Every structure is written in C-alpha cells, then in structure tokens.
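Novice: Once you've had a glance at the structure underneath, I'll fire off some questions.
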Amino acid sequence: MDLVLASGSPRRRDLLTALGLVFDVVLPDVDETPLPQEAPVDYVRRVADAKARAGHRPGALTIAADTTVVLDGEILGKPADPIEAVSMLTRLSGRTHVVHTAVTGMASAFGGTPEVRGAVATAEVTIVELSATSIRRYVATGEPLDKAGAYGLQGIGGQFVSGVRGDPSAVVGLPLALLRTTCLDLGVDLLELAGRP
C-alpha cells in the first residue's frame with residue numbers, strides 16, 4: 001500500500017522518515033482559519049480531516065495532522081510576521097500552555113469508500129521566563145515564523161522548554177503512538193509497511 005503524507009511540514013516528514021517509511025508528500029489546499037467559537041480540539045480535528053480528504057488518493061494510506069498551541073483558551077497559530085511572533089512568545093514566557101495535535105488516517109481500496117480514523121493527542125508545555133532580548137534574537141533566526149505558537153521544540157526553541165507533560169512528538173507535530181494506533185485501526189501496521197520485522 002502506498003503511503004501519502006498530506007502535509008508540507010518538514011517536521012512531519014522527518015518523523016515519518018525516522019520510522020523507516022517511504023511516502024509521497026501532497027500539499028493540501030485547506031483553509032486553516034478557525035471557525036467562530038470553535039473549540040481548539042474541534043479545530044485541529046477538522047483541519048486534519050480536511051487535509052487528509054484533500055490529499056487522499058484511492059489505494060493509498062493517507063496521513064494528515066494539524067497542531068495548535070492554546071493559551072488561556074485562545075488558539076495561537078503560526079505568526080503572520082515577526083511582530084506577532086514576539087507577541088506570542090512574550091505571552092508564553094514563564095507559563096504553561098497546551099498543545100493539541102490531531103492525526104487523521106484515511107485508507108481505501110481502489111473504487112472503495114475511504115475509511116477514516118483519527119484522534120487528538122494533548123500535551124502541556126512549560127516555557128522558561130524569556131527576556132525581551134532573547135525573544136528578539138530567537139525571532140531573528142526565522143524559526144518561529146512557520147510554527148504554531150512561534151516556537152519549535154525540536155529546534156532552537158527547544159532550549160526555552162523546561163517541561164513537557166504528555167507526548168513530546170505531539171508538540172513537534174505528529175504524535176507517533178497515536179499515529180500507530182490510528183493506522184492499526186485502518187488495518188495497517190506501520191512496522192510492516194516499513195518492511196521491518
């Protein structure tokens with residue numbers, strides 16, 4: 001069975017590659033704007049599902065995910081510019097926030113109706129106190145600009161994270177244990193797909 005990653009995220013590509021998987025990448029054209037009054041968990045589920053549907057092709061297993069950072073009940077998506085990145089990091093400084101990552105898997109036989117499975121992993125992340133200078137220097141690296149909440153656990157921003165309660169791969173953008181169970185629910189063992197014993 002072919003494997004498709006419906007995501008442009010390099011972090012998700014790296015995580016799948018580390019599992020020994022060979023896959024095609026499809027960049028789904030999906031509006032990621034939260035709906036009015038939409039709860040963060042509902043938001044990531046909806047977007048991950050839309051990405052999977054947009055990137056799916058018959059006969060393949062399609063994997064999609066969406067991640068959001070939530071502080072005080074507010075969704076913090078990818079910053080629009082460096083000014084917004086500074087604002088987000090200033091708000092996150094010295095506080096604990098929540099990260100939700102939804103995973104959606106879709107599989108179908110040729111001509112068959114696709115089966116869809118999905119779930120959400122949640123983690124709590126604590127950021128150390130950040131000085132205004134540290135925030136400006138970090139934003140100047142460019143790393144925060146394509147990441148929800150304006151930081152990356154797996155990159156330069158990892159030095160600002162003092163604790164993660166939950167699955168760290170959910171914070172990176174693809175919770176691996178949840179991915180495995182989602183694929184198993186669709187009848188696909190990723191270990192077998194990777195050709196591992």
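Novice: Working only within the stretch 88-107, note down all residues that are surrounded by 15 or more Cβ atoms within 10 Å (Cβ to Cβ) and hydroxyl-bearing (Ser, Thr, Tyr).
Specialist: 93, 101, 104, listed by residue number.
Novice: Still on this structure, please answer the following. Filter the stretch 115-149 down to residues that are touching a residue at least 60 places away in the same chain (Cβ under 8 Å) and assigned to a strand (DSSP E or B) and give me whichever is surrounded by the fewest Cβ atoms within 10 Å (Cβ to Cβ).
Specialist: Only one residue fits best here, namely 115.
Residues are listed down the side, and each one gets a yes or a no for (1) of a type outside the set (A, V, I, L, M); (2) under 23 Å from residue 168 (Cβ atoms); (3) more than 12 Å from the chain's Cα centre (by Cα):
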{"residue": "1", "(1), (2), (3)": "no, no, yes"}
{"residue": "21", "(1), (2), (3)": "no, yes, yes"}
{"residue": "33", "(1), (2), (3)": "yes, no, yes"}
{"residue": "46", "(1), (2), (3)": "yes, no, yes"}
{"residue": "57", "(1), (2), (3)": "yes, no, yes"}
{"residue": "62", "(1), (2), (3)": "yes, no, yes"}
{"residue": "68", "(1), (2), (3)": "yes, yes, no"}
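Novice: Against the conditions (1) modelled with pLDDT under 95; (2) under 29 Å from residue 159 (Cα atoms); (3) in contact with a strand residue (DSSP E or B) (Cβ under 8 Å, 6 or more places away or on another chain), where does residue 71 fall short? Just the number, please.
Specialist: Only one criterion in (1) modelled with pLDDT under 95; (2) under 29 Å from residue 159 (Cα atoms); (3) in contact with a strand residue (DSSP E or B) (Cβ under 8 Å, 6 or more places away or on another chain) is unmet by residue 71, namely (1).
Novice: Considering only residues that are small (Gly, Ala, Ser) and touching a Phe, Trp or Tyr at 6+ places or on another chain (Cβ under 9 Å), which ones fall in the stretch 108-138?
Specialist: 134
Novice: Give me a count of the residues in the stretch 159-180 that are surrounded by fewer than 14 Cβ atoms within 10 Å (Cβ to Cβ) and either modelled with pLDDT under 90 or within 19 Å of the chain's Cα centre (by Cα) (or both).
Specialist: From the stretch 159-180, those surrounded by fewer than 14 Cβ atoms within 10 Å (Cβ to Cβ) are 159, 162-163, 165, 177; that's our starting set.
Keeping just the survivors that are either modelled with pLDDT under 90 or within 19 Å of the chain's Cα centre (by Cα) (or both) gives 163, 165, 177.
Residues meeting the conditions: 3.
Novice: Okay, next question. So, residue 120, is that one closer than 25 Å to residue 55 by Cβ and either in contact with a helix residue (DSSP H, G or I) (Cβ under 9 Å, 6 or more places away or on another chain) or of a type outside the set (Asp, Glu) (or both) or not?
Specialist: Yes: the conditions hold for residue 120.
Novice: Restricting attention to the stretch 86-99, does a residue exist that is at pLDDT 95 or above and within 19 Å of residue 12 (Cα to Cα)?
Specialist: The answer is yes; a qualifying residue exists.
Novice: Of everything in the stretch 31-66 that's among the β-branched types (Val, Ile, Thr) and modelled with pLDDT of 95 or more, which residue is surrounded by the fewest Cβ atoms within 10 Å (Cβ to Cβ)?
Specialist: So the residue we want is 41.
Novice: Continuing with this model, one more query. Do any strands (runs of 3 or more DSSP E) lying entirely in the stretch 1-77 carry at least 3 residues that are of a type in the set (A, V, I, L, M, F, W, C) and without any contact (Cβ under 8 Å) to a residue 60 or more places away in the chain, and which ones are they? Walk me through it before giving the result.
Specialist: Working: elements: 2-6, 24-26, 60-71, 74-76.
Where strands (runs of 3 or more DSSP E) fall fully within the stretch 1-77 and carry at least 3 residues being of a type in the set (A, V, I, L, M, F, W, C) and without any contact (Cβ under 8 Å) to a residue 60 or more places away in the chain, they are 2-6, 60-71.
Novice: If I ask for residues that are in contact with a helix residue (DSSP H, G or I) (Cβ under 7 Å, 6 or more places away or on another chain) and β-branched (Val, Ile, Thr), which ones from the stretch 165-197 would you list?
Specialist: 172, the sole residue that qualifies.
Novice: Kindly establish whether residue 14 is modelled with pLDDT under 95 and closer than 22 Å to residue 125 by Cα.
Specialist: yes
The values are calculated or read from the model by the stated rules, or taken from the named source; none is laboratory data. These numbers were taken from a predicted model, which means no experiment stands behind them. Cβ sites come from the backbone with ideal geometry, for glycine too, and all protein chains shown count toward neighbours.
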